[in-house]
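**Student:** Can you keep this structure in mind? I'll have questions shortly.
Derivation of every value follows stated rules applied to the coordinates shown; laboratory data play no part. What you see is a predicted model, and the numbers here were worked out from it, not measured in a lab. Neighbour counts are summed over all protein chains in view; Cβ atoms, including those assigned to glycine, are modelled from backbone coordinates with ideal geometry.
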Amino acid sequence: MKVLLIHHASALGGGSISLLDVVAMLREEHEVIVCAPASPSWLSSELERRGVEFSPAILPLPIYYHYNGTAGAPICWHLMLRGLLTYLRYRSAWIEVIRDSGAQIVIVNSAALCLFGPIIRAAGAKPICFVRETFPPSSRSVRTRILYRVLGRHFSRSVFLSERDREAAALPPSRAAVLLDCMRQDELREKGRKEARRELSIAENYFWVLFTGGNSRLKGFDTALRAIGRTRLSEIRLLAVGVGGDAMTPNVKLRNWVADPRNAYYRLRVAALLKSRSVQERVVLLGPRNDMSVPYSASDVVIFPSSLAHQARPVYEAGSFGLPIVISDFPSAAEFVFPGSNGLLIPPRDAPKLAAALDMLASQREYCAALGAENRRQHSSRRQFSVMQRLLVELVKDVGEEGP
């Protein structure tokens with residue numbers, strides 16, 4: 001059976017990495033084609049390297065602008081209108097693209113692509129949506145209700161990343177499934193801690209805290225910096241992946257203030273924090289990295305202090321390296337992070353609480369190691385790639401055998 005996967009981004013990121021995992025799960029049983037923007041070229045290059053057919057998206061993608069980071073924000077009517085107009089304008093053209101692909105199953109890799117549901121149906125294929133977003137109960141707004149209605153009406157299956165997200169959608173049981181995010185065994189390879197630290201040219205005697213979310217307000221990089229500046233123990237250091245030296249010299253212009261004043265202020269705030277005396281000497285900016293094996297291997301703990309609810313890959317990536325996770329306390333985290341067992345939960349945007357948690361872990365290394373060991377055990381028992389692969393292959397087979 002031919003399966004077409006549609007993805008809305010082509011840069012290095014959690015969604016693109018998860019897409020590659022889905023491709024790896026399906027290609028043993030099915031012919032797989034990926035359709036996504038051609039630029040930047042990271043995703044297309046990775047697919048070419050793995051021998052997977054890539055079809056560049058030459059038409060604009062109809063985006064439903066309601067996803068992680070926007071659920072609690074005021075509605076951006078111009079973005080919602082743009083997505084709807086794109087759908088209306090390019091609907092017929094996308095129907096032809098899907099028909100020409102010859103795919104019997106079409107998977108969209110985000111709820112932001114839910115507008116493809118009726119397009120895929122009209123093309124005579126069967127649609128599946130991977131809902132990689134999570135929405136807190138307080139955000140069951142008109143936008144969220146519309147999203148769930150579209151999923152229930154137009155998709156053969158909606159695949160969620162947690163039981164909590166599946167239950168929140170309240171879709172018919174026959175239309176909803178849960179597949180936990182996971183990693184291929186060869187995706188990341190653990191190295192010795194001393195070897196990894198030498199490879200990164202960082203001191204071996206510090207307590208290294210890993211942040212992997214890039215320079216993102218949603219993922220809480222500013223909270224991480226403020227926490228590092230507040231820690232009492234001088235041996236605590238921060239490794240920041242996805243953040244380069246340009247974060248210290250942001251080019252914020254008037255148009256940035258007009259377009260997104262919160263983000264403009266955030267970028268200036270981060271630059272000021274990076275230059276501050278309490279932070280500057282305690283942070284190493286690693287920039288974007290294709291392979292996260294070395295940063296994880298070099299670290300003692302992983303943090304993900306997101307400001308809004310987010311399905312975070314670092315939770316289980318940390319587990320695969322035997323590291324504890326310190327993450328913001330949202331309902332989406334409670335299913336996988338158990339305080340005092342495999343990690344710690346902190347209130348969102350609470351730098352003092354994050355600093356206190358890091359001080360405690362750095363001063364109690366055996367306790368920190370025990371949390372990491374339990375996180376590894378939970379990761380290995382709940383997120384086996386072979387198990388998730390079998391479930392996905394069965395799901396696609398079932399959808400393919402269903403009637404129109």
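**Student:** Summing +1 for each Lys or Arg and -1 for each Asp or Glu, what net charge is found among the other residues whose Cβ lies under 9 Å from the Cβ of residue 65?
**Tutor:** On the way: positive: 82, 143; negative: none.
Local net charge: +2.
**Student:** Can you tell me the 0 to 90 degree angle between the C-alpha axis of helix 142-154 and the longest principal axis of the chain, rounded to 10?
**Tutor:** Between the helix axis and the principal axis of the chain, the angle is about 50 degrees.
**Student:** Oh, and also: So, R0 is 35 Å and r is the distance between the beta-carbons of residue 381 and residue 218; what FRET efficiency does that work out to, to 0.05? Let's see the in-between values first.
**Tutor:** Working: r = 30 Å, r/R0 = 0.85.
So the FRET efficiency works out to roughly 0.75.
**Student:** Taking neighbour Cβ counts within 10 Å as the exposure measure, how do 120, 228 sort from fewest upward? Before the final figure, lay out the partial values.
**Tutor:** On the way: 120 27, 228 24.
If I rank by nearby Cβ atoms, fewest first, I get 228, 120.
**Student:** For Cα pairs less than 8 Å apart in space and 6+ apart in sequence, what is the mean separation divided by the residue count of region 179-245, i.e. the relative contact order in percent?
**Tutor:** Once normalised by length, the contact order is 34 percent.
**Student:** Another question, if that's okay. Using the Cα centre of the chain as the reference point, and only Cβ charges (+1 on K/R, -1 on D/E), how large is the resulting charge dipole? Debye, rounded to the nearest 20.
**Tutor:** Values: 52 positive and 38 negative charges, 251 e Å.
Approximately 1200 debye in magnitude.
**Student:** Here is a follow-up. To the nearest 20 debye, what is the magnitude of the charge dipole of region 193-382 about its Cα centre, counting +1 on the Cβ of each Lys and Arg and -1 on the Cβ of each Asp and Glu? Before the final figure, lay out each step's value.
**Tutor:** Details: 26 positive and 17 negative charges, 113 e Å.
That gives region 193-382 a dipole magnitude of about 540 debye.
**Student:** OK, next. Mind checking the full-extension length gain between residue 289 and residue 31? Use 0.36 nm per residue of separation minus the Cα-Cα distance, one decimal, nm. List each step's numbers first, then the result.
**Tutor:** Values: separation 258, 0.36 × 258 = 92.88 nm, distance 2.95 nm.
Taking 0.36 nm per residue and subtracting the Cα distance, the gain is 89.9 nm.
**Student:** I'd like the orientation of helix 77-101 relative to the chain: the angle between its Cα long axis and the longest Cα principal axis, in ° from 0 to 90, rounded to 10.
**Tutor:** Long axis of 77-101 versus the principal axis of the chain: about 60 degrees.
**Student:** Using alpha carbons only, how many angstrom separate the centre of region 220-271 from the centre of region 21-53?
**Tutor:** 33 Å
**Student:** Relative to the longest principal axis of the chain, what angle (0 to 90°, nearest 10) does the C-alpha long axis of helix 261-275 take?
**Tutor:** For helix 261-275, the angle is close to 30 degrees.
**Student:** Oh, and also: Over region 193-382, what is the relative contact order in whole percent, taking alpha-carbon pairs under 8 Å and six or more residues apart? Numbers along the way, then the final one.
**Tutor:** Working: 364 pairs, mean separation 47.9, N = 190.
Averaging sequence separation for qualifying contacts and normalising by length gives 25 percent for region 193-382.
**Student:** Could you work out how much longer the chain between residue 390 and residue 194 gets when fully extended? Use 0.36 nm per residue separation minus the Cα distance between them, nm to one decimal. Before the final figure, lay out each step's value.
**Tutor:** On the way: separation 196, 0.36 × 196 = 70.56 nm, distance 3.70 nm.
Once the chain is fully extended between residue 390 and residue 194, it gains 66.9 nm.
**Student:** Taking R0 as 41 Å, what FRET efficiency do you get between residue 363 and residue 167 from their Cβ-Cβ distance, rounded to the nearest 0.05? Could the numbers behind the result be given before it?
**Tutor:** Numbers: r = 39 Å, r/R0 = 0.95.
The calculated FRET efficiency here is 0.60.
**Student:** Right, here's the next one. Expected output is a single nm value to one decimal: the length gained when fully extending between residue 49 and residue 281, i.e. 0.36 nm times separation in residues minus the C-alpha distance. What is it?
**Tutor:** Working: separation 232, 0.36 × 232 = 83.52 nm, distance 3.86 nm.
Here the answer is 79.7 nm.
**Student:** Rank 168, 388, 124 by how far each Cα sits towards the positive end of the charge dipole of the chain (+1 on Lys, Arg Cβ; -1 on Asp, Glu Cβ) and give me just the farthest.
**Tutor:** My answer, from the dipole projection, is 168.
**Student:** Also, I was wondering about something else. If contacts are Cα pairs under 8 angstrom and at least 6 residues apart, what is the relative contact order of the chain in percent?
**Tutor:** On the way: 748 pairs, mean separation 59.3, N = 404.
Answer for the chain is 15 percent.
**Student:** Applying 1/(1 + (r/R0)^6) with R0 = 30 Å to the Cβ-Cβ distance of residue 85 and residue 141, what FRET efficiency is obtained, to the nearest 0.05? Show your work: numbers first, answer last.
**Tutor:** Details: r = 21 Å, r/R0 = 0.71.
With R0 = 30 Å, the Cβ-Cβ based efficiency is 0.90.
**Student:** Related question: Which value, in debye to the nearest 20, gives the size of the charge dipole of region 284-404 about its Cα centre, when Lys and Arg are +1 and Asp and Glu are -1 at the Cβ?
**Tutor:** Details: 11 positive and 13 negative charges, 46 e Å.
Value, rounded to 20: 220 debye.
**Student:** Need the C-alpha centroid separation for region 108-135 versus region 344-392, integer Å.
**Tutor:** If you average the Cα positions of each part, the centres end up 32 Å apart.
**Student:** Treating cross-link reach as a plain straight distance, find the aspartates and glutamates whose alpha-carbon is under 15 Å from the alpha-carbon of residue 194, omitting any fewer than eight places away in the same chain.
**Tutor:** Filter leaves 204, 300.
**Student:** With a point put 7 Å past each Cα toward its Cβ, work out how far residue 178 is from residue 370 in nm, to one decimal.
**Tutor:** 2.8 nm
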